[in-house]
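Report on the following structure.
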């Protein structure tokens with residue numbers, strides 16, 4: 001069972017420092033071509049890969065007294081060189097170090113691994129600021145590990161836990 005942590009700003013900062021020191025992003029050797037992915041989460045024609053990032057963080061869940069409700073992610077985003085480029089948080093939002101930001105909504109899901117959160121196709125609903133997320137149209141969450149809601153009952157209503165996860169995020173823009 002994955003280690004579960006309680007979310008908080010200090011923990012996220014510590015996680016970022018730890019990851020900068022020890023993480024070798026799995027996307028480091030990949031080129032900027034469209035990845036092989038299932039049709040269920042394929043991006044429509046006319047959009048090309050603009051940016052890839054590797055994410056490590058937690059999926060946050062809150063116990064409602066009967067079951068766990070998904071709250072949102074807290075993750076640090078890395079570029080192909082292992083440099084921190086931004087964060088990912090509830091909304092869902094992806095925000096770059098330079099301040100560009102994209103919010104997206106889930107279009108479809110694909111679950112290749114029952115022990116990990118699903119792969120997703122998301123469509124951008126708003127973007128702002130110049131930078132890596134400028135004019136992003138679609139996002140794919142791929143190659144996930146962990147992040148599933150706890151399989152045990154919470155101790156009290158309102159309790160929150162963070163379940164560690166990793167993923168690759170692929171950002172697309174319309175090709176003109």
Considering each residue of the stretch 32-81, count those that are under 23 Å from residue 116 (Cα atoms) and assigned to a loop (DSSP other than H, G, I, E, B), and give that number.
-> 12
Number of the exception - residue 170 against (1) over 13 Å from the mean Cα position of the chain (by Cα); (2) crowded, with 19+ Cβ neighbours inside 10 Å | (1)
Of residues in the stretch 75-95 being surrounded by fewer than 21 Cβ atoms within 10 Å (Cβ to Cβ) and under 15 Å from the mean Cα position of the chain (by Cα), the one farthest from residue 141 (Cα to Cα) | 84
Return a yes/no flag: does the stretch 34-54 have any residue that is exposed (fewer than 12 other Cβ atoms within 10 Å of the Cβ), more than 24 Å from residue 124 (Cβ to Cβ) and at pLDDT 90 or above.
-> no
The lone exception for residue 5 - which of (1) farther than 27 Å from residue 99 by Cβ; (2) at pLDDT 50 or above it fails = (2)
Could you please let me know if residue 175 is in contact (Cβ under 8 Å) with a residue 60 or more places away in the chain and within 17 Å of residue 58 (Cβ to Cβ)?
-> no
Since residue 145 meets every condition but one in (1) at pLDDT below 95; (2) in contact with a strand residue (DSSP E or B) (Cβ under 6 Å, 6 or more places away or on another chain); (3) surrounded by fewer than 19 Cβ atoms within 10 Å (Cβ to Cβ), which condition does it not meet?
-> (1)
Filtering strands (runs of 3 or more DSSP E) wholly in the stretch 90-176 for at least 2 residues that are closer than 16 Å to residue 76 by Cβ gives 93-96, 136-146, 160-174
Report yes if residue 25 is at pLDDT below 95 and crowded, with 22+ Cβ neighbours inside 10 Å, otherwise no.
-> yes
Residues (within 16 Å of residue 38 (Cα to Cα) and either at pLDDT below 95 or over 11 Å from the mean Cα position of the chain (by Cα) (or both)) located in the stretch 123-142 = 138
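The values are calculated or read from the model by the stated rules, or taken from the named source; none is laboratory data. Remember, predicted model here, so these are calculated numbers, not experimental data. Because the Cβ atoms are built from the backbone with ideal geometry, glycine has one as well, and the counts that use them run over all protein chains shown.
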